[in-house]
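This report concerns only the one structure given below.
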Amino acid sequence: MRDTPLSNCERDFLLKAIEEKKRLDGRQTYDYRNIKITFGTDYGCCFVDLGKTRVMAQVSCELVTPKESRPNEGIMFFNLELSPMASPAFELGRSSELLVKLNRQLERCLRNSKCIDTESLCVVSGEKVWQIRVDVHMLNHDGNLMDAISIAAIAALSHFKRPDVGIQGDEVTVYSAQERDPIALSIYHMPICVSFSFFQQGTYLLVDPCEREERVMDGLLMIAMNKHREICSIQSSGGIMLLKEQVLRCSKIASVKVSEITDLIAKALENDKKARKEGRKCGFAESMPQERITALKNLETTVEMTDLTKQASDIVEGVETPAGMALSPVVPAPGVGQVGAGLQNAWGLEDEEDDEEEEEEEDGDEPEVTIVAEKRGNKKKGERPVVIISDSEEEEVVILNPESS
């Protein structure tokens, strides 16, 4: 199933907002969304919320035979899954281009950077080594998957503890957590990906793009870096040409963001360790407030409202009235009128016109009365004038006062 495409109006609106250095969720250009890190009940289970993007990482291990080329090193294996639950654009059990790109970037970020001591995973040289498997599941997709995946993977690896082993001759014994305390992995540094999206052929830059911003962007730059400002990997996609100054600027921004995220991971690990030591309940379910009305509330987004009234008045004043528009339109339908300031009262226009027509008809039905004064020689003094009533086209004459014979 394909995702719903953006309309031209939405695309133009997003690009116009980016040109004005504004974003849909009220963030600034270099701001990250809220990051929430939660650990599960078992060691190695981590949930990461980057805004509305949600990712789960689970780390597991098993004893396997090492590679012939590296008999003294353990094996790191990464598996990503894009579930249709995260987005309707993802298909279950089918490898997509996005999945391959994310998997390769995660391997370059964690495996090729040598952030984990693989030699410490060796049990018997050439025979038994630990294979660390990292499974990452997408629970919800709202943009910037790579950053959420890298945070979840490195946090889960830092939280994971493998079982202790004992060797007696040729026998290898794996002890449970009740028999011996599990052993944490040896991690040298924490590489974290920071994504930068470019618009208008590199003119505008945004950090941590959301899903809608990713649809209208021209290019993407992902930089994997640790808090020591060591670049682990760089990947550019989209086919845009970036200048050296732009890459250096992005690397400086990434160093600040990586330091903040690393401190956040360390704080989450410390809180989880303290909760387990004190015997309190821990896990993803315990992190959610239960039996409260505000359990699933969303954080309010701050929107810039400065000079909003002035901008609105300027827009209204700048709008011109289109030519040919009638200020007082004629109401053709009977029984409909308009009353208001500056408008002509049109209530009862049809009734008035009907009344006038009826009056004219009534006036036409009345007989025409004409007074004719006849001059006659034998007219007597004090005689009344003759009144002639005409009610037809033939002009019939009726004498009301006939002359006496």
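The values are calculated or read from the model by the stated rules, or taken from the named source; none is laboratory data. All of these numbers come straight from a predicted model, not from anything done at the bench. All Cβ positions, even for glycine, are placed from backbone atoms using ideal geometry, and neighbour counts span all protein chains on display. Calculation scope for accessible area: heavy atoms of the full protein, side chains included, ligands and nucleic acids excluded. Shrake-Rupley method; radii C 1.70, N 1.55, O 1.52, S 1.80 Å.
Could you provide, to the nearest whole Å², the per residue accessible area of segment 119-217 with probe 1.4 Å? Before the final figure, lay out each step's value.
Numbers: 3920 Å² over 99 residues.
Ligands and nucleic acids excluded, the figure is 40 Å² per residue.
Quick one: which of 106-112, 193-199, 149-155, 26-32 comes out on top by average Cβ neighbours within 10 Å, and what's the full order, highest first?
Ranking, from highest mean packing down: 149-155, 193-199, 106-112, 26-32.
Leaving out ligands, DNA and RNA but keeping every protein chain, what accessible area does residue 170 have, in Å² rounded to the nearest 10, with a 1.4 Å probe?
150
Counting only protein heavy atoms and a 1.4 Å probe, tell me what percentage of segment 70-157's accessible area is made up of carbon and sulfur.
Values: 1650 of 3620 Å².
Whole-percent figure for carbon plus sulfur exposure: 46.
Within 12 Å, Cβ to Cβ, of residue 251, how many net charges do the neighbouring residues add up to if Lys/Arg are +1 and Asp/Glu are -1? Numbers along the way, then the final one.
Values: positive: 229, 244, 249, 252, 257; negative: 230, 245.
Within the 12 Å Cβ shell, the charges total +3.
Grab the other residues whose beta carbon is less than 11 angstrom from that of residue 191, score K and R as +1, D and E as -1, and report the net.
Details: positive: 108, 111, 114, 227; negative: 230.
Summing Lys/Arg as +1 and Asp/Glu as -1 gives +3.
Given 161/267; 67/101; 128/257; 114/252; 257/310, which pairs have Cα atoms separated by over 29 Å?
Details: 161/267 18 Å; 67/101 25 Å; 128/257 39 Å; 114/252 22 Å; 257/310 36 Å.
Violating the 29 Å Cα-Cα cut-off are 128/257; 257/310.
Just how far, in whole angstrom, is segment 246-264 from segment 99-147 if you go by their alpha carbon centroids?
Spelled out, the Cα-based centre of one part sits 22 Å from the other.
Show me the three semi-axes of the equivalent ellipsoid for segment 180-256, from the C-alpha gyration tensor (sqrt of 5 times each eigenvalue), largest first, rounded to whole Å.
Working: eigenvalues 180, 43, 17 Å².
They are 30, 15, 9 Å, listed largest first.
Residue by residue, what Karplus-based ³J(HN,Hα) values in Hz, rounded to whole numbers, does segment 72-81 have, using 6.51, -1.76 and 1.60 with θ = phi - 60° and x for Gly and Pro?
Per-residue couplings from phi come out as 9, 10, x, 10, 10, 10, 10, 9, 10, 9 Hz.
Considering the convex hull of the alpha carbon atoms of segment 1-159, report its projected area averaged over all viewing directions, in nm², one decimal. Don't skip to the end; give the middle numbers.
Working: hull surface 45.8 nm².
So the mean shadow area of the Cα hull is 11.5 nm².
If the viscosity is 1.002 mPa s and the temperature 20 °C, what Stokes-Einstein diffusion coefficient in µm²/s follows for segment 156-294 when Rh is the Kirkwood radius over Cα pairs?
Values: Rh = 18.9 Å.
Here the translational diffusion coefficient equals 114 µm²/s.
Would you mind counting up the charge near residue 117? Only other residues with Cβ under 15 Å from its Cβ, with Lys and Arg at +1 and Asp and Glu at -1.
Working: positive: 70, 111, 114, 161, 162; negative: 73, 119.
Result for the local shell: +3.
Starting from the Cα gyration tensor of segment 90-211, take the square roots of the eigenvalues, sort them a ≥ b ≥ c, and report rounded, prolate or oblate (rounded when a/c is under 1.5, otherwise prolate if a/b is larger than b/c, else oblate). Spell out each step's value before the answer.
On the way: a/c = 2.73, a/b = 2.44, b/c = 1.12.
Since a/c reaches 1.5 and a/b is larger than b/c, the shape of segment 90-211 is classed as prolate.
Taking a quarter of the surface of the Cα convex hull of segment 78-152, what do you get in nm²?
Result: a mean projected hull area of 6.0 nm².
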